[in-house]
Each structure stands twice: as structure tokens, then as C-alpha cells.
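The values are calculated or read from the model by the stated rules, or taken from the named source; none is laboratory data. Treat the numbers as computed from the prediction; the structure is a model and nothing was measured. Heads up, the Cβs are rebuilt from the backbone with ideal geometry, glycines too, and the neighbour counts pull from every protein chain shown.
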Amino acid sequence: MTTVDPGLPATEPLREDIRFLGGILGDIVRDHEGPEIFDLVERARVESFRVRRSEIDRSELADLFSGIDIARAIPVIRAFSHFSLLANLAEDIHRERRRMVHVRAGEPPQDSSLAATYAKLDAADLDADRVADLLRDALVAPVITAHPTETRRRSIFETQSRITELMRFRERTELDPAEARETEVGIHRQILTLWQTALIRLSRLRIQDEIDVGLRYYDMSLFDVIPTIDARVRDELRRRWPEANLVPRPVLRPGSWIGGDRDGNPNVTAEVVRTATGRAATVAIEKYLGHLAELERELSMSARLIDVDDDLQRLADASGDESAYRADEPFRRAVRGLRRRLSRTASRVLDSVPTGALPPEQVGDAEPYERPQELLADLDVLDHALRVIGDDSIADDRLGTLRRAVDTFGFHLSGLDLRQNSEVHESVIAELLAWAGVHADYASLSEDERVAVLSAELETRRPLVGARAEFSEQTAKELAIVTAAAEAVRRHGPESVPNYIISMCTSVSDMLEAAVLLKEAGILDPGAPGEGPTSSVGVVPLFETIDDLRGGAATIRATLDVPVYRALVEARGMHQEVMLGYSDSNKDGGYLTANWALYRAELDLIEAARETGIRLRLFHGRGGTVGRGGGPSYDAILAQPHGAVTGSLRLTEQGEVIAAKYAEPKSARRNLETLLAATLESTLLDVEGLGDGADAAYAVLDDLADRARAAYGALVHETPGFVDYFRLSTPVAEIGELNIGSRPASRKPTNSVYDLRAIPWVMSWSQSRVMLPGWYGVGSAFEGWVGDDQERLRTLSDLYRRWPFFRTVLSNMAQVMAKSDLGLAARYSELVPDEELRRTVFAMISDEHARTVSWYLKITGHDGLLDDNPALARSVFNRFPYLEPLNHLQVELLRQLRAGDDREQVKRGILLTMNGLATALRNSG
């Protein structure tokens, strides 16, 4: 634990903000909960800082809460949860403050900014033709997923945003004493509102709620920020290589899984798919209608004062606007025509009337837009007409924003991926084939026989499903879902549902089964004889376990050897997307093994792409926490093998990380720029850094990964009683009641780690401060490989300096270990009644933790875990004492619950501690 404040002068403004906000919260606690609760909170706060300074033993703080009555515990939990939330807020403001200091000092742009990336590209003197080829299919797609570990309710989130704005105003504005006092009163008012707003939901989120939560980020930032960044990137790239006509399509094109991911989530139905795609389309069209209404008010230019472009005049004359008052205002009349047509489009493709749509009597017989490109063409007419009369600044303003938005978001806003488990596909296809009389027992067929049957189905337009067909509930549901997806494609365009992802994909038949389902829905068309198949939806394998990652390239090669599938890929421009799963691979083999299996899988897939001629796009299924592939996005992308990021990248954004990145325009702009910067560098520059030593480095990691997997497996998969230890020493059972999402905590009702979802697995270890998925097994691997051989230690140190992958793996591990606390973890272990099991497992965890820290310091040459991350070091120093009481109270309430006190208030108190810790740790699931 850090006991000395890192960088005191630089952090003093941060500490002052924390004191200021904490002081207001303390006053509110005293005024509204009474002096007794305030004194308990203050004593716990003071004692927590004394624990950090090693002035008292941790048990003394734990004794403060021993046997505490739930009525006293809950306000204390709420107080420390809010302390943590306000400290997070102060940290975010301080990061902005530090960035501004660097900018004002005229320092070079920092890595991960687009400005720094452009400087690197300029220095590389790249060939224009090569740049054009590598960026031919440029795409960066952050995909909002249906894995919410964001525990904050929207009301809490919005109040926090108001506090942030007031804090910014307080710092950046020259205030007289009265204004300063008024601002402080406003902050007090918002913190009081925060205190009196319930932190947790009383009911579980429905998928419809999750859809709305995901879409709210477009209102907050994404709708305005994404098109603006896209336009700037295009301008910068074309300025450098003007002859290459780079990125004709927007690079940033976001996606979503919310409402399409049904792997293990029975709540996803055809109606949910319709809701998800329809709500997204509604958000886009409402935004366009709002901008058009404003343009109609703003573009008041008179034909008596300007020269009217012929195309604009035709647009105005065709608008149906007969108002005598606007007879000389061609721009207004033209925009009214666009509003009429878009309102008619909305009535055709949406199930409800969007905000801003004109009433039917004003729409009249206006022709709807069939495609967003038609609306964009009309907007281009307005743009050209403004520029002809010298009104470039007006064209660049709201009209420019709207044109960029339509180009980026179309009528669909974001693409909804479908996902289902391969086991479900097998069952559904077997039933369809049996009903149609193709084969009575598909499950009994060998792999080659299955491929033959499925290939034949993909070559004929004859459907398997007839009008009178009757199927099991599961099969009927799956057919309804893909049919709803086909309807969305027809209504909102092909980009509304771009991909069909196959979880636990292990074979060619797994790929072809999904393709047959798409064919049954009418999405995949086998084509007339001699034409070949086409599909607007791509079939995407998801390789998740260690073994599946190792065999992924072979699966792709074998699938492309099937003529009908290769023909389908050829019709899609030879594009093949592959998704890599970070969560299940980690749960399967541990942190180091999973990361290396992913790297090796990418190397193999790159080689398979070269051999088969496909243009490979990788989709990274990363979670928020390091145990699920999390960590700084810039470093993670640069740590990919050379050739893995060929101008395109998709990655999932999950949980509380979504809010941290995209809740407001500034943070959204910064984080999206980071994704673009890393993608451009990984595509256009060789950042691996290994040169001719790559094979030797890979061999070292092969060995280390095998050793790490053995050490991890010895604990997680082979130690008798480990699952019982996990369930008893963590709040995993209680996480299912946290109401943070619509998905069940387990795929199946079993007692197996394999069937437990990765989020509760990781979140439970985070709550108990073990953080096991982010480091276990690494120390044993290093110790076993190096032994007493100092030359081998020097080899690892050299790899750490030269190889971004190895450096990032160790850096992320150090970050998560800095958030771990084995002293607190020992308190959780006391919840395990079996003393021998408790001693055995905790000793293994404790020994490996110490071993891993020791070897990290030896390899890196650092004195501490966070020497390379001073920002996190400051965060740990300033915020983590506020977590201490929450952990102790969680342990105490878990003890009370498991001793039989199952009152609703006790359960709620546990959920509140989980909420507070998840918020404070910031990437817990």
C-alpha cells in the first residue's frame, strides 16, 4: 500500500478539491443523519488513513463495525460510497487541469493524441499507395455491449455531471466573493440531491432499459463528437496524401450488442431486436429533424439579396411550401421540403412518431427517402448553394454538422450485432433439417457430413421452414429473432445489423449453421444458378477458450475451403471478421496464458489471411477490467502483432468504462481520438519492436504461458473445494441481486467456474480485493522459467523494454495488483467456515501474490508497482482509504446474512457496499 504521496505539488489542487467536496458531504451527513452517524463516519475515515500510514492494525478498524446494526451501517456505507464518487469526480477534473498545464506550456503533444500520431506519420515518410491500400477499409468501431457493470443509476449520473460542471466553472471563472459563494451553494445543493437519491435500483434492469442506457451516450456526446472527429481525420490524412482519396467513408462507426446478444440471455426476443434497431433509428432521425428545424429558422437568406443556385431553386420549388411569406426565401423552402420528406420516411420505418416530425397534414404526399444517401444529396445541394454565395462559415456550422452526421449514422445510428452460442445453433438446425426431411438426426453426423449437408442448403433457395411448420420454443424463438433482424435491414438499411457472431465457435459446421439461419430469414441469398450467394450480414466466429484460440486459424482456413462459404466471402469483398474473447480465455487459463493465446491467435490469423487472400478484421471482446482484457486502449492496440490492425478495429466497450469514456463530449473526444491514433499507428508503422528476434521472443512466451496456465489451473481447476472457497469468500451469490443488468450470472445452473459468466467472476474477486484474474500464475511462470539464471532474467528485462505487448501485459498486471489488498482479502477469507480449506487456498493466493510482485519488480527494475503510472499512483493514494470502510462493512454484513439475518435491509446494505466499491474501483467487471 502506498504510504507516501506521489508528486505532492502536482496533486495539491486535487487534494484541495477532495477536501472541499468531502467537507460539503460531511456537513450534509451531520445535518441529515445526526451527529452520531457523522462521528462514526469521521472516525472511520480518520482510522482508514491511519491504517494506510501503518499507525494502527487493520483489525482495529474492523472492530469498529463488528456487530453493527444495519440502521447505522447503511448511512455509513452511503457516505463512503459518495466520498468515492466525489473523489473520482475530482480526479477527472484534475486530469483536465494537468492536460491544460501541458498545453499552455507548449509541450509536444502527448502519445495517444492524434496530433502526436500525425507527427509520427510525417516522420515516417510513408508511400501514398501503401497508405491507401492499408486504409482502404478503415473502420474504428467501439461497440456498446449488453454487459453492464455500470452500477450508477441515471439520476446519480446526471447529478454527478451537474457537480462536475459547477466545479469546472468554479475553477476556470474569475469570481467575485458573492459569485463564489453562489457557486458553492449550487454545489452543496447538488451534493444534497445526491445524498437523498437512492444509489441502487429496486428492480432488475430490463433489456429495454439497457437499450435506452446505451443510446443516452449519443445525446451526451457521441452524436456530435464522432462526425466531427471523422471529418478532421479525413482532412488531415488527405492533406498529407492528397492523391490517395483516403477514407471516403467515415472511419468511426459505432456498434451495439444491446438487444442482439442472446448468448445465455433468454430475455432477448424478436421484439427486443425490433426495439433495439427501432429505438436507434428513432434517435438518429429525431436528431436530423431537430437540426433541420433549426436550419429552417436560421437560413433566412432572401432571393432579393443573393444569387440563387439552380439546384437549390429546384429543391425549393419541389418542397411543397406555398407560403407567400417565404416566397423569396429559397433556403427555408428547400429545408421545409427536406423536413416533409424525412417526416414521411419516419412514418414509414419507425413504429412511433419521432420528436420533431411534421404533422401529417403538413407532410402531405411528400416522397419518403429510400436511403440516407438521398437525404445527404439534398443537404449537399444546400451546402453548395451556400458556398456559391460565399457563405462558407454558415455551411460549415449546423449544416456541416448535419451532413457529417447523416454520412456517419445513416438511418440506423449504430449497427446491432446478433450473437448466439454454437450449441443453440446446432440444436435449431437439427430441428429444421428434421422437419424439412433433409436429415432425421443431424447431431449424429460427423463433421464432414455436417459440412456437406449445410453446404447443400446454402446452395439452394428452397427454404427449410414452411408456413405450417411447428417447432420447439427455442427454435421458434431463434427463427423469429433472425426474421426480426431481416426486417430491420429492410427498414433501416444493411448497416443496421452488420454481423452475426457465433459464441464458442470451434468448427466449420458452427460457421455454416449460422449462415443457414441467415438464409432462412432471407438475409443470405444463395442466388440464382451461376450467381453465387450474397449476404449483408457477416458470419463472425468468436474464439474464446485457450484451445479455441489456438485452433482459430485452422477453423478459418477450413471454412474458406468450403466453396459456398468462400463464394460468400468473395461477394463481401473478401472481408472476414473474427472476434477474439478475452473473458472466457482468462477464466479458462489465467491472465498471462490468455493474453499470449490471444497474441498467438492473431499471428496465426494474420498468416491465414495471407494464405487465403481475405481481408481480416479483428473484433476484440474486451471488458473493463484487466482480467477481461481491459486497460489503456492506446497501449492495448499498439501491443497487437504487426499486421493485426490493418486500418480497421472493432472492440467492445463495457460497464462503467462506457460512462468514464463517453459521458461527456471532452472525454468522448479524447478517448475516440485515442482509438484512432492507435489504429493509425498500428496500421502504418511497425510498432512491435522485435525485429529479427521475434521468433525467440515468441518461444519464451510459449514457455511462460504454459507454466502460468499450470499454476493457475492448479488453484482454480485442481484444488479441491476451490469453487466453494470462491463462493464463500466473495459476494458472488449476492452480485446476482445487484440489478445491474438483464443477464443471469451463470450460463447454466451449475457449480462450475466454466459456466459462471466472466463479469461476476471478475467482479467478485474485485470486491474482495484479490483481483485474482488479473495476475494469478504469472509469478510462478517467471520463477519457474528464470530460476537462478540471471541471463534469462536479463532476457525478460530486455523484452519489457523493447516489446509493447510484453510491457503492456506487465503494466496492466501491475495496475490491477496495485488495487489488490491481501490484508483485506484475508478478512474475506474468514467467511469460509472450513478452516483447512481457508488456510490452503488463501496461502496459495498470498504466496503467488508476493511472488508475482517480486518478479515484476525484478524484471522491470521499478521500485513500486505504479512507477510507470503516476496518475494511478495518485489515485490509489488519494482514494483508496475511502474504500477501506466499505470492504469491512461488506464483510460484516455478509457474515450477518449468512448467519441467518436475511432482512431486506441487510441485503440492501450489501448491495450498497458493492455499488460503492464498483464505483470507486472504476473497472470492476
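Computed quantities for the displayed model
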{"quantity": "From 308, 268, 247, residue being assigned by TED's automatic domain parsing to the domain that holds residue 345 and assigned to a loop (DSSP other than H, G, I, E, B)", "calculated": "308"}
{"quantity": "Number of positions in segment 331-383 that are under 25 Å from residue 395 (Cα atoms) and either in contact with a strand residue (DSSP E or B) (Cβ under 9 Å, 6 or more places away or on another chain) or not in a loop (DSSP other than H, G, I, E, B) (or both)", "calculated": "26"}
{"quantity": "Check on residue 90, assigned to a helix (DSSP H, G or I), modelled with pLDDT of 85 or more and touching an Asp or Glu at 6+ places or on another chain (Cβ under 6 Å)", "calculated": "yes"}
{"quantity": "Residue among 295, 342, 338 that is assigned by TED's automatic domain parsing to the domain that holds residue 383, modelled with pLDDT of 95 or more, more than 13 Å from residue 366 (Cβ to Cβ) and not basic (Lys, Arg)", "calculated": "295"}
{"quantity": "Failed criterion for residue 810 (all others in (1) surrounded by fewer than 18 Cβ atoms within 10 Å (Cβ to Cβ); (2) touching a Phe, Trp or Tyr at 6+ places or on another chain (Cβ under 7 Å); (3) not β-branched (Val, Ile, Thr) hold)", "calculated": "(1)"}
{"quantity": "Yes/no for residue 83 being under 33 Å from the mean Cα position of the chain (by Cα) and hydrophobic (A, V, I, L, M, F, W, C)", "calculated": "yes"}
{"quantity": "Residues of segment 321-344 satisfying the condition of being buried (at least 23 other Cβ atoms within 10 Å of the Cβ) and among the polar types (S, T, N, Q)", "calculated": "343"}
{"quantity": "Out of 495, 513, sole residue that is surrounded by fewer than 24 Cβ atoms within 10 Å (Cβ to Cβ) and either in contact with a His (Cβ under 6 Å, 6 or more places away or on another chain) or more than 16 Å from residue 261 (Cα to Cα) (or both)", "calculated": "495"}
{"quantity": "Residue identified as farther than 25 Å from residue 224 by Cα, surrounded by fewer than 19 Cβ atoms within 10 Å (Cβ to Cβ) and under 36 Å from the mean Cα position of the chain (by Cα) among 304, 314, 348", "calculated": "348"}
{"quantity": "Lone qualifier among 545, 555 - being closer than 19 Å to residue 447 by Cβ, surrounded by 18 or more Cβ atoms within 10 Å (Cβ to Cβ) and either modelled with pLDDT of 95 or more or not assigned by TED's automatic domain parsing to the domain that holds residue 457 (or both)", "calculated": "555"}
{"quantity": "Cβ-Cβ under 6 Å pairs, at least 6 apart or on other chains, segment 871-884 side farther than 18 Å from residue 81 by Cβ, far side among the charged types (D, E, K, R)", "calculated": "877/5"}
{"quantity": "Some residue of segment 679-701 being among the aromatic types (Phe, Trp, Tyr), more than 20 Å from the chain's Cα centre (by Cα) and not in a loop (DSSP other than H, G, I, E, B)", "calculated": "yes"}
{"quantity": "Condition met for residue 191 (in contact (Cβ under 8 Å) with a residue 24 or more places away in the chain and out of contact with any strand residue (DSSP E or B) (no Cβ under 9 Å at 6 or more places or on another chain))", "calculated": "yes"}
{"quantity": "Candidate set from segment 573-599 (those that are within 23 Å of residue 139 (Cα to Cα) and in a helix (DSSP H, G or I)); member that is farthest from the chain's Cα centre (by Cα)", "calculated": "599"}
{"quantity": "Filtered residue count, segment 476-523, keeping only those that are in contact with a strand residue (DSSP E or B) (Cβ under 8 Å, 6 or more places away or on another chain) and not in a helix (DSSP H, G or I)", "calculated": "10"}
{"quantity": "First in segment 431-446 and in the same structural domain as residue 469 (by TED's automatic domain parsing), second anywhere and in a loop (DSSP other than H, G, I, E, B) and of a type in the set (Gly, Ala, Ser), Cβ under 7 Å, 6 or more apart", "calculated": "431/472; 434/440; 435/469"}
{"quantity": "Positions within segment 868-918 being of a type in the set (S, T, N, Q), at pLDDT below 90, over 25 Å from the mean Cα position of the chain (by Cα) and more than 30 Å from residue 801 (Cα to Cα), in sequence order", "calculated": "none"}
{"quantity": "Any hit, segment 605-623, residues being in contact (Cβ under 8 Å) with a residue 12 or more places away in the chain and under 30 Å from residue 165 (Cα atoms)", "calculated": "yes"}
{"quantity": "Any chance residue 36 is modelled with pLDDT of 95 or more and surrounded by fewer than 19 Cβ atoms within 10 Å (Cβ to Cβ)", "calculated": "yes"}
{"quantity": "Condition met for residue 700 (at pLDDT 90 or above, of a type in the set (Val, Ile, Thr) and more than 30 Å from residue 119 (Cβ to Cβ))", "calculated": "yes"}
{"quantity": "Residue in segment 519-527 that is at pLDDT 95 or above, in contact with a Phe, Trp or Tyr (Cβ under 9 Å, 6 or more places away or on another chain) and crowded, with 21+ Cβ neighbours inside 10 Å present", "calculated": "yes"}
{"quantity": "Unique match (being modelled with pLDDT under 90, surrounded by 14 or more Cβ atoms within 10 Å (Cβ to Cβ) and either in a helix (DSSP H, G or I) or of a type in the set (Lys, Arg) (or both)) among 50, 78, 95", "calculated": "95"}
{"quantity": "Total residues in segment 219-272, condition under 17 Å from residue 497 (Cα atoms) and aliphatic (A, V, I, L, M)", "calculated": "5"}
{"quantity": "Residues satisfying the stated conditions in segment 452-483, i.e. under 19 Å from residue 500 (Cα atoms) and either crowded, with 17+ Cβ neighbours inside 10 Å or polar (S, T, N, Q) (or both)", "calculated": "454, 455, 457, 458, 474, 475, 477, 478, 479, 481, 482, 483"}
{"quantity": "Residue in segment 537-557 that is touching a helix residue (DSSP H, G or I) at 6+ places or on another chain (Cβ under 8 Å), in a strand (DSSP E or B), closer than 25 Å to residue 710 by Cβ and in contact (Cβ under 8 Å) with a residue 40 or more places away in the chain present", "calculated": "yes"}
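Here's the yes/no breakdown for (1) buried (at least 17 other Cβ atoms within 10 Å of the Cβ); (2) charged (D, E, K, R); (3) in contact with a Ser or Thr (Cβ under 8 Å, 6 or more places away or on another chain):
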| position | (1), (2), (3) |
| --- | --- |
| 382 | yes, no, no |
| 393 | no, no, no |
| 397 | no, yes, no |
| 413 | yes, no, no |
| 416 | yes, no, yes |
| 420 | yes, no, yes |
| 432 | yes, no, yes |
| 436 | no, no, no |
| 448 | no, yes, no |
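Quick grid of which residues meet (1) outside any loop (DSSP other than H, G, I, E, B); (2) touching a Gly at 6+ places or on another chain (Cβ under 9 Å); (3) modelled with pLDDT of 90 or more; (4) under 27 Å from residue 207 (Cα atoms):
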{"residue": "739", "(1), (2), (3), (4)": "no, no, no, yes"}
{"residue": "742", "(1), (2), (3), (4)": "no, no, no, yes"}
{"residue": "753", "(1), (2), (3), (4)": "no, no, no, yes"}
{"residue": "763", "(1), (2), (3), (4)": "yes, yes, no, yes"}
{"residue": "769", "(1), (2), (3), (4)": "no, yes, yes, no"}
{"residue": "773", "(1), (2), (3), (4)": "yes, yes, yes, no"}
{"residue": "779", "(1), (2), (3), (4)": "yes, no, yes, no"}
